[in-house]
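The numbers here are math on the coordinates, done by the rules we state, and not lab data. Everything numeric in this text was worked out from a predicted model, so none of it was measured. In this analysis, Cβ positions are derived from the backbone assuming ideal geometry, glycine residues included, and neighbour counts consider all displayed protein chains.
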Number of protein chains: 2
Amino acid sequence: MSPDLELAADRRLLGRTSTVERLADILRTRIIEGFFSPGERLAEDSIGSALGVSRNTLREAFRLLTHERLLVHELNRGVFVCKLTVDDLVDLYRVRKLVECGAVRGLDGHPPEADRVAAMATAVAQGDDAMRASDWRGLGTANMLFHQGIAALAGSPRVDELMRGVLAELRLHFQSMSDPRRFHEPYLERNREVLSVIETGAGQAAERVLRMYLDDSEHQLVEAYRAAAR
Amino acid sequence: MSPDLELAADRRLLGRTSTVERLADILRTRIIEGFFSPGERLAEDSIGSALGVSRNTLREAFRLLTHERLLVHELNRGVFVCKLTVDDLVDLYRVRKLVECGAVRGLDGHPPEADRVAAMATAVAQGDDAMRASDWRGLGTANMLFHQGIAALAGSPRVDELMRGVLAELRLHFQSMSDPRRFHEPYLERNREVLSVIETGAGQAAERVLRMYLDDSEHQLVEAYRAAAR
DNA sequence: GCATATTTGTCCGTATGTATA
DNA sequence: CTATACATACGGACAAATATG
């Protein structure tokens, strides 16, 4: 199936709420799932006609995704799928440590709400299911969901949104990983460990465990990146 | 001077890089400085013709500002200047505490870089100048700059951007404050205090001072909001 | 509740400027 | 250097939704 035909298949999805939003949703999924490769240019004309939307509409969607850092916009050259550097990777983990560690640290004094912990438990279970089904993409999704749950402990809509963006960027990067299983699998057990500490409500302890977790994950990812670069 | 004429005065500024970006800059300033009031609707037609840009261009700028949370977009109704609720206010301070406290806390082990501390000192001095000149808007700007500097201690471009957005939202809220002097003035001395602790590189101590600072600031702002609401 | 006017959402055609083969 | 392709920006058009009387 040619790229254009596959894009055209998404066309039927266009017809409900706001065209720009739906368009952005479609493109976001396509980018995160690696249908478009990092660095690839998204031409207004071809994509617009393939999806059956005008350039004006498409450009508005591009602006949205650019602001989400999934696309980069170069003046008079167009938009390109974001190409993460090692610096980006390190920075994303800086943000994750700040946000996730800060969120669990805030548990001291404010014990976690039951439904938030339940959401994290669900994410762990979903990871187990994906593991059994050898669904590596699903395993990655469950992992993201788990960490989205950690950020949600802060109880802040703005932090939630920030975290969504950070994880989306990271996913963009995962997509270039050669062996998703080796990367995601070990974190299933560690998620369980983090969750159990969080359930006790001990913020400082949870922060220590989580920070080590994130350091390891970052290190592994940077190594994989370097290995893939050569 | 009528609003339209004053808007038209900005027209001469249009002529350098990308129209959409410059347009967004102009509108952002106008919003933050209170030229447009919270809740006010920004009509495509009137603003577009006043600034001499087409509707398509203006709509792209609107998208940008909507994503920055300065405008809210209601389908088929248009865009409105964001109206902050108390919940928003509290949430913004949640984010500030997470980011700013996390940033200074990270100083333990990683002493602050000299140029970052220098930037904060500059902001303090700028606040002194504004104070002497009775320039309350300038005082607010200096204060924002100081806290932008605190966030910058994290050394993360993404955190910097996040902080820019948070402070822009907050400014949008300040604009409805009746007595800016009473609000900003006491923080001049406290900024100095925070800076001196940061200079010692003691992260934990700096975090304690800063957290108290932010709690006070939040409390004062929430009170002012409630007082203005009746 | 209805009819009208206004405004947004979307698309198209086109002119101009910019980058690249 | 020229030619081509493309992004930028404009203005007009029309349907659909909303606001107004």
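Only helices enter this figure: runs of n ≥ 4 DSSP H residues, each worth -39500 (n - 2.57), summed and divided by the residues of chain A, yield -22500 deg cm²/dmol at 222 nm to the nearest 500.
Phi angles of segment A:209-226 translate, via the Karplus equation with coefficients 6.51, -1.76, 1.60 and θ = phi - 60°, into HN-Hα couplings of 4, 5, 5, 5, 3, 5, 4, 4, 4, 4, 4, 4, 5, 5, 4, 4, 4, 5 Hz per residue; Gly and Pro are given as x.
For A:Leu71, the residues 5 or more places off, or on other chains, whose built amide H falls under 5 Å of its own are A:Thr66, A:Cys82.
Which loop-located trypsin sites (Lys or Arg not before Pro) does segment B:35-88 contain, where loop means any DSSP state but H, G, I, E or B and the Cβ has at most 13 other Cβ atoms within 10 Å?
Values: sites: B:Arg41, B:Arg55, B:Arg59, B:Arg63, B:Arg69, B:Arg77, B:Lys83; in loops: B:Arg69, B:Arg77, B:Lys83.
Qualifying residues, ordered by number: B:Arg77.
When chain B is treated as a Gaussian network with alpha carbon springs shorter than 10 Å, the biggest mean-square fluctuation among B:Ala133, B:Ala154, B:Ala205 belongs to B:Ala133.
Using a cut-off of 15 Å between beta-carbons, work out the net charge of the residues near B:Ala202 (Lys and Arg +1, Asp and Glu -1, B:Ala202 not included). That sum, taken over residues with Cβ under 15 Å, equals -1. Put simply, the amide H of B:Leu42, placed in the peptide plane, has neighbours under 5 Å in B:Val79, B:Phe80, B:Val81, leaving out anything fewer than 5 places away on its chain. At an R0 of 35 angstrom, the distance between the Cβ atoms of A:Ala118 and B:Ala229 translates into a FRET efficiency of 0.50. Ordering A:Glu44, A:Glu207 from the fewest to the most neighbouring beta carbons within 10 Å gives A:Glu44, A:Glu207.
Relative contact order for segment A:106-204: what percent, with Cα pairs under 8 Å and sequence separation of 6 or more?
Working: 78 pairs, mean separation 41.2, N = 99.
Answer for segment A:106-204 is 42 percent.
Evaluated at 37 °C with a viscosity of 0.692 mPa s, what Stokes-Einstein diffusion coefficient in µm²/s does segment B:86-229 have when Rh comes from the Kirkwood expression over alpha-carbon pairs? Answer from the Stokes-Einstein relation: 216 µm²/s.
Do you know the relative contact order of chain A, to the nearest whole percent, from alpha carbon pairs under 8 angstrom that are 6+ apart?
Numbers: 238 pairs, mean separation 51.8, N = 230.
Averaging sequence separation for qualifying contacts and normalising by length gives 23 percent for chain A.
Listed values for segment B:91-101 are Karplus-derived 3J(HN,Hα) couplings in whole Hz (6.51 cos²θ - 1.76 cosθ + 1.60, θ = phi - 60°), namely 5, 4, 6, 4, 5, 4, 5, 4, 6, 5, 5, and x replaces Gly and Pro. Taken one residue at a time, the phi angles of segment B:142-150 give Karplus couplings (6.51, -1.76, 1.60, θ = phi - 60°) of 4, 5, 4, 4, 4, 6, 4, x, 4 Hz. Gly and Pro are set to x. Here the protein assembly as shown is treated as a Stokes sphere of Kirkwood radius computed over C-alpha pairs; at 37 °C and 0.692 mPa s its diffusion coefficient rounds to 136 µm²/s.
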